[in-house]
Amino acid sequence: MDKKVLDWLLEGPAWLRYAVELQLLDTKPDVRPVLQDAGIKKIITRLKSSDAGLPAIKTGKVHYTEAGKAYWDLFFLADIGLTLRDVGLESEAETVFRFQAADGSFTMPPNVKDNYFCMSAILISSLAKMGYRDDPRVAKYIRAALSSQMPGGGWDCYGETMGVLESCPMDDMNILMLLGQYEAHINNPTLYGAIDHLLEHWQEGSHLYGFGVGRRFRNLQYPAVKYGILRVLDVLSLYPHAIESKSFQSMLDFVRAKASGGKYTADDNEPAYSDLDFGRKFELSRWITFLVNRVEKRVEK
């Protein structure tokens, strides 16, 4: 990557430097400065709380569509590369598994049913990144998710009621986000249907299950709570089958065209993260710049 951009990233806050050093430079940075950062401390405290954190899930107060609560706070810490041990959330993480059924699926309050794998996958993907990757309960969840795969290769919360071959792009993206962490799955041909569905969605520009690829999708926003180009690219970049496609390159080229001197700006924001650079609209964002460079590093392998 460009040295000037790299130097600029390394001038950022401790948590940003940690992510860059760990994931772009492949070093083992000291985590302690990250844990002293005011923004990170705020998120860890919130994740421990009974109002918005992991313990609050049982109350139904926490929904997967809400930024600044458990799903997306944990997602962000996992994206940095922090572990549950680093941030002292081991006991809180265990509370998530109280919602796991015998078949491996999760029924999450307030309204996430056992067949809604796309929603529970947000949490389980983060937990896997943060230390639960080889936990047998996560393995059981993955088996349950794979057993619910549709004939066309994707997933759909509504089963086959919306069409045997057509899957939901949000389902496909979130489940692929989890499976892409495992060597056994990144080249798995049974996932090509879901991968191709996301690629075709971009290329064809159609509206599927209420998800489009218009202005809101094309905005660079973090976290992409709903469905956005940055997270779709990030997920697809885990899979060689996707990287080799013209549709993936088209999507990446669209994002690259938004850069100014190799740096990226948040097109939209989540107010819950206004104290972090990606939470401030129309300002240069080191974090979004890091995320694009992480995708590019995977592409270049």
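Please treat every number below as a calculation from the coordinates, not as lab data. Remember, it's a predicted structure, so these values are computed and weren't measured experimentally. Don't worry about glycine lacking a Cβ; one is built from the backbone with ideal geometry, like all the others, and counts go over all protein chains shown.
Could you tell me the center-to-center distance, by alpha carbons, between region 175-235 and region 1-34 in angstrom?
Value for the Cα centre distance between the two parts: 26 Å.
Residue 265's amide H: which non-local residues (gap 5+, or another chain) put their own amide H closer than 5 Å, with H modeled 1.01 Å from N in plane and none for Pro or chain starts?
Residues meeting the criterion, in which the H sits 1.01 Å from N, are 285.
Residue separation times 0.36 nm, minus the C-alpha to C-alpha distance between residue 216 and residue 257: what's the value?
Length gained between residue 216 and residue 257: 13.1 nm.
Between residue 58 and residue 297, what is 0.36 nm times their sequence separation minus the Cα-Cα distance? Round to one decimal in nm.
82.2 nm
Counting Lys and Arg as +1 and Asp and Glu as -1, what is the net charge of the other residues whose Cβ lies under 10 Å from the Cβ of residue 57?
+3
Please report 234, 268 as a ranked list, fewest other C-beta atoms within 10 angstrom at the top and most at the bottom.
The most exposed by this proxy come first: 268, 234.
For 28, 140, 4, which order do you get if you count the other beta carbons within 10 Å of each Cβ and list the fewest first?
Going from least to most buried by this count: 28, 4, 140.
Kindly put 117, 75, 282, 254 in sequence by how many other C-beta atoms sit within 10 Å of each C-beta, fewest to most.
Going from sparsest to densest Cβ surroundings: 282, 254, 75, 117.
Straight distance only, please: which lysines reach the Cα of residue 297 with their own Cα at less than 23 Å, same-chain residues fewer than 8 apart left out?
Straight-line reach from residue 297, under 23 Å: 3, 4, 28, 129, 246, 258, 263.
Is there a quick way to get the dipole size of the chain? I mean about its Cα centre, with the Cβ of Lys and Arg at +1 and of Asp and Glu at -1; what is the value in debye to the nearest 20?
The calculated dipole for the chain is roughly 600 debye.
Please list, in chain and number order, the residues 5+ apart from residue 211 or on another chain whose amide H is under 5 Å from its amide H, with Hs placed from the backbone.
Here nothing satisfies the definition.
Once the piece of chain linking residue 11 and residue 182 is laid out straight, how much longer is it, given 0.36 nm per residue of separation minus the C-alpha distance between them?
The residue 11-residue 182 span can extend by a further 58.3 nm.
Can you give the FRET efficiency to the nearest 0.05 for residue 139 and residue 268, using r as the Cβ-Cβ distance and R₀ = 30 Å?
According to the calculation, E is roughly 0.25.
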